[in-house]
Each structure stands twice: as C-alpha cells, then as structure tokens.
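Visitor: One structure, as structure tokens, below. Some questions next.
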Amino acid sequence: MFQTFFQSLLDVLQPETIAIMLVGIAIGFVVGVLPGLGGSVTLALMLPFIFDMEPVQAFAFLLGMWVVTATTGDITSVLFGVPGEATSAATVFDGYPMTKRGEAGRALGAALLSSTQGALLGAFFLALSVPILRPLVLAFGPPEFLMLTLLGLTFVVALSGRNVLKGFLMAALGMLVALVGIDPQEGVPRYAFGQLYLWDGIDIVPLVIGLFAGAEVLQLMLSKTSIATRTADNISGIRQGVRDTFRHWTVVVRSSAIGIGIGIIPGMGGSVSQFIAYGHAQQTSKHPERFGKGAVEGVLAAGANNNAKDAGSLVPTIAFGIPGSVGAAVLLGAFLITGLNPGPEMLTTNLNITFSMVWIMVLANIVAVAVSFLLIRQLVKLTLIPGTWLVPFLLVLLGVGAFTASNNINDIFVMLAAAALGVVAIHWDWPRVPFLLAVVLGGLAERYLFLSYSLHGWSWLTTPSVLGLGALIVFVAVWPYVRAMRRRGKEPVPARVETKDNDLTGVGK
Amino acid sequence: MRRTSQFAVALTALLLTACSTGGGQTSSQGDEAPLAGETVELVVPYDPGGGYDVYARLLAPYLEKCLDATVVVKNEPGAGGLLATSKTFVAPPDSLRTVLTNTVGVVGSQLADAPGASFDAAKFSWLGRVSAEPNVLAVAADSEFKTFDDLRESTKPIRFVATGPGSNEHVNSEVLPELYGFPAETITGFDGSDSARAAVLSGDADAHILPIDSQLDGIESGDMRPLLLLSEEPHDALPDVPTVADLPPEQGQDATLDALMNLSETGRSLAGPPGMDPEQMAALREGISCALGNKELLAKAEKQQRDVDPLTGDETVNVVNEALRAPAEFTELIK
C-alpha cells in the first residue's frame, strides 16, 4: 500500500498532469475570489473538458480547481465581508472585523495558512481511512446525524456569550425561518403563501450575504470612510497570522476534525460544518466575548474547517458513489466519464487513483496559498479605498452573489430583507450567528428526526452512539455553569463574569 | 491609490464580463437558420451535478451547432423541479425558454393533483424527448431478498426509500407493491437519492427504485442487487434482470401497469412555454432532433452510461397525453 501511495505521487507529478492541475488551480483561484460563482457550478461547467483525459489528469484538473475555491473564497470574506463562496461565510464573522481594525494581513495570513493545514489534515485522514472507508460511512445513520445537529444547536445558545437569552431568542427565530418550505416527510408546503420560490425554504447563500455583508456595506455607505482607516505593517501582520495558526493549533486540529466528520455525512451540506466549527471554537475559547469582533480563532476555525470538509465529503463518494456535498456530486460525474466505478474497486485495483486524489488536494492547496501570500500586500491595499468608490463595486458583488445561488430574482429580496435584519441586529446588539445557525440546522434536525422515527420507531433513542452524543450535548450545555459555580466557590466573585473559561477538552492553549 | 482603484475597476470589468457571457448576441448570420444568432435558454430544474444537468450540458454544444444559435444552460432548482417548470408555463411564448423537465414528476404531480402543480402538462410546447430510462428495483447486495419472488412472498412490509412525495421514486414505490400484492411502506424525507441509498446499504431499509442510469453504478460496484426491471423489454445494460413481462402482476392490475409504463415513457423531455410561435417551435424541434442524432454526442453519452432515446416533438406530445389519460385507480394510488 505504501508503494502505491508514493507511486501515485509520481503519477501526479507527470509534467502534463501538473500543467493541467495548474490550469485548474488558476480557474479555481478566480472563481473562489469572486462571490456568486460557486465551486460546484464551475465544476459542472468544466466537466465536458475531461472526456479525453486520463483519470488522474481529470481529477488533477477538477479536484485541484475545487479545493482551491474553498481556500481563496476566504480572501473576499476577509477583505470585503462578502463571502467568496457559500462555504467561506463563517470567515466573515471575525475576518472582516479584523480588516476594519487594520489587521487584514494578519487575518488573511491566518485564514490561508489554516486552510492549507485543514486540507493537509483532511488529506492525511483520507489516506489513513482507506482501509476502513466503507464500514466508517455505514456506521452512522439519521439518528446520529440528528444528535450532531442538536449538538450544533446547543453550541448556538452557548455562542451568545453574555446574552444567553438574546441568543436563544435569535435561535428560536432562526428555527421559525427554517420551517418555511415543503416539509420533508409529507410534502406539504409550509408558510409558502402560494409562492413556489419558498418551497425549498430560505436559501442559505442570500441569507448569509445579506445578514453579514449587506449590513456591513450599508454601514460603509453611511460612514463614507474606507473599510479600514489604517493598515498595520503588512509583512509583520502576515507573520503574526501565520504564528496564530501554530499558537492556536488545537483550534485548527479540532475544526478540521469537525469538517471531516460532517463532510462524510451525505446531505449535511458543505455550508453547515463551518458554523459548527465556529461555534465550537467560541465555546472552547477563553475569550468567547471577543468572537464576532475580530477573534483570530474564529478565522482559524472557519478556514481550517472548510478545506478539511472537502476531504471528508470525498470519503463516501469514493467508497460508495454517495457524494457528501454538491461539489462531490459533480466529481461523481467525473468518475463515470473516466470509466471509474466508485466502490470497492477504488480501494483495490484503482487504489492509485484514490491516493492520487490525496496528493492533488495537498499540492493544489500549497500552490494556491503560496500565490495568495505573494498577492496579500496588494490585496490589503484594496481596503483603504474610500467607501464611496468601493460601495458600487460591493453592491454588484452582493447582488451577483445572492442571485447566482439559484438564478432567481427573489434571492435578491431575501438578501435585502436579511440585510435589514442585520442592521437592526447590529444596532441593538443582538447576535446574528445563532439565527443563521438555527436556520441551517433547524431544517436538518427536523428531517433527521422524522427519518429516525420512520426507520427505527423509538428504538434509536437507546442506541449507544445516540446516548453518547446525548451525554455530550448535556455536558456542552451545563459545563459553563458548573465551571462558573466552581470558580465562585473558590474565589471572590468578579464584578462581571466576562471570561467564561470553558475549555471543553482541557487541552488549553 | 491610483493603482489600487485601477485594480478594482479591472476586477469589476472582469466580473461584468463573467456575468454577461451568454447575454444577447443578436448579430444575424444570414437567413439559412431561423434561430441563427438568437439566444436559447436551456433550463435545468435542479442543482448542477445531477442527471438533468449532465444531459443539458451534453446537449447544449450540439444544439448550438444545429440551431446556429447561442444555447445557455441555466440551473433553476426549486420545489422538486416544479418551480422552473411552472415558470416556463407562464413565460412569454416568444421567450425561447426551454426546460428539460422531469416529465414523470410533472405529469405525476398533475395526476395526483399535488399542490404546486399550477400548470397543464398538455398545454406546454413539447419539443422532444431526450431519454426515458426504465426504472430498476434494487436491494442491498447482502439483503435476505435474493430474487423478486422473495420480495413478493415477504409477510413483513418491504421498506422502500424515496426523497419525497411526487418524486419518481415515490410514485413507483407506491404503485409496485399494489401491482404485485405484497405489503410495503415508503419511507420519505431523504434529501436526495444518494442518502436514500445509504439507508438501504446500511440495512435500515430494504429496497430502492431508481432509473437505470442512476442505479447502474451501485450495481456495477457490487453494492446493490437488481431484482426487477420496470419495463416490458429487457435493457442492454442488465440483460439478466427479469422485466414486468417475465413476472406478470396480479390479475386485474393491467390498467395500473399500463399507466405506470406510460408515465415512465415521458422520461426527460424538453418543453417550451404554451402558445409558442409555430415557426420557432418547428426550428427548435428540428434542432433538438439534429443534436440528439449527433454521433459524437451519442458516444459521449454512452461513455457516461446515459441512455439517449429521442422522440420527436409530435411523438412527445402523444406520450404525454397518453400518460395524462391514466385511470382513476392509478391516480388514487399516487395521491
């Protein structure tokens, strides 16, 4: 197996394959930076070009392109607060406030390097999991998925820090929005008001864009200044960002693990795991109150997670032909075009191709990040452009980004409504992340609850894996209070309980 | 500062070019082709990556050549494919908007009088059929059911999986047990055929009915075992799998079987808005026939294991009307 592993590196390093991969990387780079043009749509557009390619070349082209979009999508998120990809939305939460503070270089350094680290960890996991790929995918079913979404929702409330009640109410509002659309079980439209657009529920992309980017652009319009009024020394900023990824390495590792885990689950969708990773990073941070205001751990969690997730979503694709995300679904088409059958063959006769995917993920990310680092200085200068110059450009990005989600004009209205909600939330200091997370997870929780019941009756409630996850949920919910009480017993109560020290794992920093 | 704003301008320009590709190109190139220089929209009612998307992107370049027009593939997912179809139903007749419909779903939801079926399938300008793959019933390779007869003799309900009411999977899973008289239940709510298959593979459910091209990769990898081809004729890809002709249904179910077969005959078809200009319609129909007859297209389709089984516009109209005439006992089943 080891010989095959290194032989496949040589396959990837063939001059022709490398050239094809570089073309893929270049396309992925631009697509990732531009909001709206999604990685999966571009993959679908490029599919016709692989008809005459060898399998390894085809994957060098497509996979190279796809993993790079996840990395460079973070650049737009950090600089303009507009997610370059739907999967880069969580990078906005802290990356954009850092840019406003003048720390764009540091935020970009952290986002890009953590992306690469996430990709490396994901690729490492993919290579390691080859022998157990198939049992691994089948070990989890709807009951376990349900418990994972509940765990995510528990993080939501903990996310709101000092304002648990405000966070809870925003999450409840999010759950209500999640109810819009056809119910997954009986096919009955809910709160659709006769509008077919609302049948699929509220799309996450225009919601994220409006809630975060839209609200910020409106503020920029009113303030008439540039995004950042000053920038710190770029080079030292980048260095600091790079150092941050090592200083907070536990955040990077754990967020990658979350990404891999959720990527493996078909149907959880690529945009969910970033929020769960972000929530977990805040929950375990010593300074959860800094999140949303420019905490570098938030950037690291989002960056590492979203590249690791791609590797995770390849696991069920390779093992069973069951894609873990939309992007992986398009890649599945590439399997068929190049004459490969996902399944046992990928782990025996075509093992070299499976391993070549691991190498492609690693190499493509390294190339993309190296190029990005060369460009950071120029990119950061963009944030010094006066708002009056930048706003029209950003408005185009917002509109295009929201519209291309499903080519429907109603997406623009959803985006505008979300922007209004975002402005209100900022003004009266209500947290936006719990709302967004509840919209995403609410629908999934409902789906998996019904599926668990129709597949297993109530017996699923007592399976060991569900009980274990349930215990973890209770622990996550109760631990901050236990910790606070214990501390109160030991030492005089501080006037403000600001630093909720609730490091879950006890690993610390 | 000047350099940076120039960069922003360049970025904007790049973006605008990206948006406008496929926009209006109206330079006429003589009068040999009636739609020369026009832009035809080819709408896919689902996300990229699915079967409909693959067919549309396969067809587009050849349709461009045959029409001498620009063909733009556009994904408009929503309401299980019904959103794009409904939008086409109310589109201006001269809008050159065509949609690759899941005609089984469209006709099925109209028969079942489902909410959201706000169109009359008979009124679309049907332009041609691309394919109509027969459905295959399959179980997991390690299932206790080795043959279709094992399934038929089961006393405990067979658990079928389906994405949602109104889907092709759902219609078939509701009708088939009735035809053969065995107990069954359909578990709906999966977010896609892939997650539904995962439930069969893990043993949580028993059987899954999917069109042959979606079922084939699982069968060839050895994960799924095909038990029945829901067609009257065998299929080249699965020559040994029994058909409904080999295993006749219970007595008195002929009308229901015919209705189910008629429905699956509608397959993946192209429709334009009602009341399309006869000249435009004739040009589009001819262009689609020309593209679907292209040898290169057929070779590419075969490589992807995608059946191409074209019907002309007129034939498609007949097939759709035939399917719409389903008897009441059939429509009751799929409601």
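The values are calculated or read from the model by the stated rules, or taken from the named source; none is laboratory data. All values derive from a computational prediction rather than experimental measurement. With ideal geometry, Cβ positions are generated from the backbone for all residues, glycine too; neighbour counts draw on all protein chains shown.
Visitor: From (1) within 14 Å of chain B (Cβ to nearest Cβ); (2) surrounded by fewer than 24 Cβ atoms within 10 Å (Cβ to Cβ), pick out the condition that doesn't hold for residue A:370.
Guide: (1)
Visitor: Let me ask another. Checking the conditions here, which among B:114, B:84 is part of a helix (DSSP H, G or I) and either buried (at least 24 other Cβ atoms within 10 Å of the Cβ) or within 14 Å of chain A (Cβ to nearest Cβ) (or both)?
Guide: After applying the criteria, what remains is B:84.
Visitor: Whether any residue in the range B:254-271 is touching a helix residue (DSSP H, G or I) at 6+ places or on another chain (Cβ under 8 Å), surrounded by fewer than 19 Cβ atoms within 10 Å (Cβ to Cβ) and in a helix (DSSP H, G or I) is what I want to check.
Guide: Within the range B:254-271 (the criterion being touching a helix residue (DSSP H, G or I) at 6+ places or on another chain (Cβ under 8 Å), surrounded by fewer than 19 Cβ atoms within 10 Å (Cβ to Cβ) and in a helix (DSSP H, G or I)), the answer is yes, since at least one residue qualifies.
Visitor: On to the next question. Would you confirm, using the coordinates I've provided, whether residue B:248 is assigned by TED's automatic domain parsing to the domain that holds residue B:310, of a type outside the set (A, V, I, L, M, F, W, C) and farther than 18 Å from residue B:133 by Cβ?
Guide: no
Visitor: Further question: Among the residues of the range B:234-253, how many are in contact with a Pro (Cβ under 8 Å, 6 or more places away or on another chain) and part of a loop (DSSP other than H, G, I, E, B)?
Guide: Residues meeting the conditions: 1.
Visitor: Which condition does residue A:356 not pass, out of (1) in contact with a Phe, Trp or Tyr (Cβ under 7 Å, 6 or more places away or on another chain); (2) crowded, with 24+ Cβ neighbours inside 10 Å; (3) within 14 Å of another protein chain (Cβ to nearest Cβ), if it passes all the others?
Guide: (3)
Visitor: Which one is surrounded by the most Cβ atoms within 10 Å (Cβ to Cβ), of the residues in the range B:152-203 that are among the acidic types (Asp, Glu) and more than 9 Å from chain A (Cβ to nearest Cβ)?
Guide: Here the residue is B:169.
Visitor: Here is a further query. Taking the range A:397-435 on its own, how many of its residues are surrounded by fewer than 18 Cβ atoms within 10 Å (Cβ to Cβ) and either modelled with pLDDT under 80 or not in a helix (DSSP H, G or I) (or both)?
Guide: Counting residues in the range A:397-435 that are surrounded by fewer than 18 Cβ atoms within 10 Å (Cβ to Cβ) and either modelled with pLDDT under 80 or not in a helix (DSSP H, G or I) (or both) gives 4.
Visitor: In this structure, is residue A:81 away from every other protein chain (no Cβ under 13 Å) and either buried (at least 24 other Cβ atoms within 10 Å of the Cβ) or farther than 19 Å from residue A:326 by Cα (or both)?
Guide: Spelling it out, residue A:81 is indeed away from every other protein chain (no Cβ under 13 Å) and either buried (at least 24 other Cβ atoms within 10 Å of the Cβ) or farther than 19 Å from residue A:326 by Cα (or both).
Visitor: Continuing with this model, one more query. Kindly indicate the residue of the range B:34-49 that is within 22 Å of residue A:321 (Cα to Cα) and surrounded by fewer than 23 Cβ atoms within 10 Å (Cβ to Cβ) and also farthest from the chain's Cα centre (by Cα) among those meeting that condition. Talk me through it step by step, then tell me what you get.
Guide: Filtering the range B:34-49 for residues within 22 Å of residue A:321 (Cα to Cα) gives B:46-49.
From the residues that got through so far, the ones that are surrounded by fewer than 23 Cβ atoms within 10 Å (Cβ to Cβ) too are B:46-47.
On the way: B:46: 10, B:47: 13 Å.
Once the filter is applied, the top-ranked residue is B:47.
Visitor: Of the numbered conditions (1) under 27 Å from residue A:397 (Cβ atoms); (2) surrounded by fewer than 24 Cβ atoms within 10 Å (Cβ to Cβ); (3) modelled with pLDDT of 90 or more; (4) of a type in the set (A, V, I, L, M), residue A:45 fails exactly one; give the number of that condition.
Guide: (3)
Visitor: Here's something else I'd like to know. Can you pull out the residues in the range B:62-74 that are part of a helix (DSSP H, G or I) and in contact (Cβ under 8 Å) with a residue 12 or more places away in the chain?
Guide: B:62, B:63, B:65, B:66, B:67
Visitor: Just for the range B:285-300: of the residues that are surrounded by fewer than 21 Cβ atoms within 10 Å (Cβ to Cβ) and of a type in the set (Gly, Ala, Ser), which one is nearest to residue B:40 (Cα to Cα)?
Guide: B:289
Visitor: While we're on this one: For the list (1) modelled with pLDDT of 90 or more; (2) outside any helix (DSSP H, G or I); (3) of a type outside the set (Lys, Arg), I need the number of the one condition that residue B:77 fails.
Guide: (1)
Visitor: Say we look at the range A:336-362 and pick out the residues that are of a type in the set (Ser, Thr, Tyr) and part of a helix (DSSP H, G or I); which of these is modelled with the lowest pLDDT?
Guide: Of everything passing the filter in the range A:336-362, A:354 is modelled with the lowest pLDDT.
Visitor: Regarding the range A:325-342, can at least one residue be identified that is more than 9 Å from chain B (Cβ to nearest Cβ) and within 27 Å of residue A:210 (Cα to Cα)?
Guide: yes
Visitor: Consider residue B:146 against the criteria (1) within 20 Å of residue B:197 (Cα to Cα); (2) of a type in the set (Lys, Arg); (3) crowded, with 17+ Cβ neighbours inside 10 Å: it satisfies all of them except one. Which criterion is unmet?
Guide: Failed condition: (3).
Visitor: Only one of A:29, A:5, A:49 is in contact with a helix residue (DSSP H, G or I) (Cβ under 6 Å, 6 or more places away or on another chain), more than 16 Å from residue A:307 (Cβ to Cβ) and either within 14 Å of chain B (Cβ to nearest Cβ) or assigned to a helix (DSSP H, G or I) (or both). Can you tell me which? Break it down stepwise before answering.
Guide: Values: A:29 fails: more than 16 Å from residue A:307 (Cβ to Cβ); A:49 fails: in contact with a helix residue (DSSP H, G or I) (Cβ under 6 Å, 6 or more places away or on another chain).
It is A:5.
Visitor: Here's another thing I want to ask about it. Within the set of pairs 6 or more residues apart or between chains, which connect a residue that is within 14 Å of chain A (Cβ to nearest Cβ) inside the range B:32-61 to a residue that is in a loop (DSSP other than H, G, I, E, B) and not charged (D, E, K, R) with Cβ atoms less than 6 Å apart?
Guide: Final answer for the pair search is B:46/B:77; B:47/B:77; B:52/B:46.
Per-residue answers, yes or no, for (1) touching a Lys or Arg at 6+ places or on another chain (Cβ under 7 Å); (2) more than 22 Å from residue B:296 (Cα to Cα); (3) in the same structural domain as residue B:278 (by TED's automatic domain parsing); (4) modelled with pLDDT of 75 or more:
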{"site": "B:4", "(1), (2), (3), (4)": "yes, yes, no, no"}
{"site": "B:11", "(1), (2), (3), (4)": "no, yes, no, no"}
{"site": "B:30", "(1), (2), (3), (4)": "no, yes, no, no"}
{"site": "B:66", "(1), (2), (3), (4)": "no, no, yes, yes"}
{"site": "B:70", "(1), (2), (3), (4)": "no, no, yes, yes"}
{"site": "B:82", "(1), (2), (3), (4)": "no, yes, yes, yes"}
{"site": "B:98", "(1), (2), (3), (4)": "no, yes, yes, yes"}
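Visitor: Residues being outside any helix (DSSP H, G or I) and surrounded by 17 or more Cβ atoms within 10 Å (Cβ to Cβ): count how many of those fall in the range B:315-335. Outline the logic, then answer.
Guide: Step one: of the range B:315-335, the residues outside any helix (DSSP H, G or I) are B:325-327, B:335.
Now drop any that are not surrounded by 17 or more Cβ atoms within 10 Å (Cβ to Cβ), which leaves B:326.
Number satisfying all stated conditions: 1.
Visitor: A further question follows. Could you tell me which residue of the range A:52-78 is surrounded by the most Cβ atoms within 10 Å (Cβ to Cβ), considering only residues that are within 13 Å of chain B (Cβ to nearest Cβ) and either of a type in the set (Ser, Thr, Tyr) or closer than 17 Å to residue A:365 by Cβ (or both)?
Guide: A:66
Visitor: I'd like the full set of residues that are assigned to a helix (DSSP H, G or I) and either loosely packed, with under 13 Cβ neighbours inside 10 Å or within 14 Å of another protein chain (Cβ to nearest Cβ) (or both), limited to the range B:301-314.
Guide: Hits for the range B:301-314 are B:301, B:302, B:303, B:314.
Visitor: Quickly run through the range B:272-326 and pick out the residues that are closer than 29 Å to residue A:337 by Cβ, in contact (Cβ under 8 Å) with a residue 60 or more places away in the chain and among the aliphatic types (A, V, I, L, M).
Guide: B:284, B:288, B:291, B:292, B:297, B:301, B:308, B:311
Visitor: Starting from residues that are buried (at least 23 other Cβ atoms within 10 Å of the Cβ) and within 12 Å of chain A (Cβ to nearest Cβ), keep the ones in the range B:211-229 and report whichever is modelled with the highest pLDDT.
Guide: B:224
Visitor: Would you call residue A:182 among the aliphatic types (A, V, I, L, M) and free of Cβ contacts under 8 Å to residues at least 60 places away in the same chain?
Guide: Spelling it out, residue A:182 is indeed among the aliphatic types (A, V, I, L, M) and free of Cβ contacts under 8 Å to residues at least 60 places away in the same chain.
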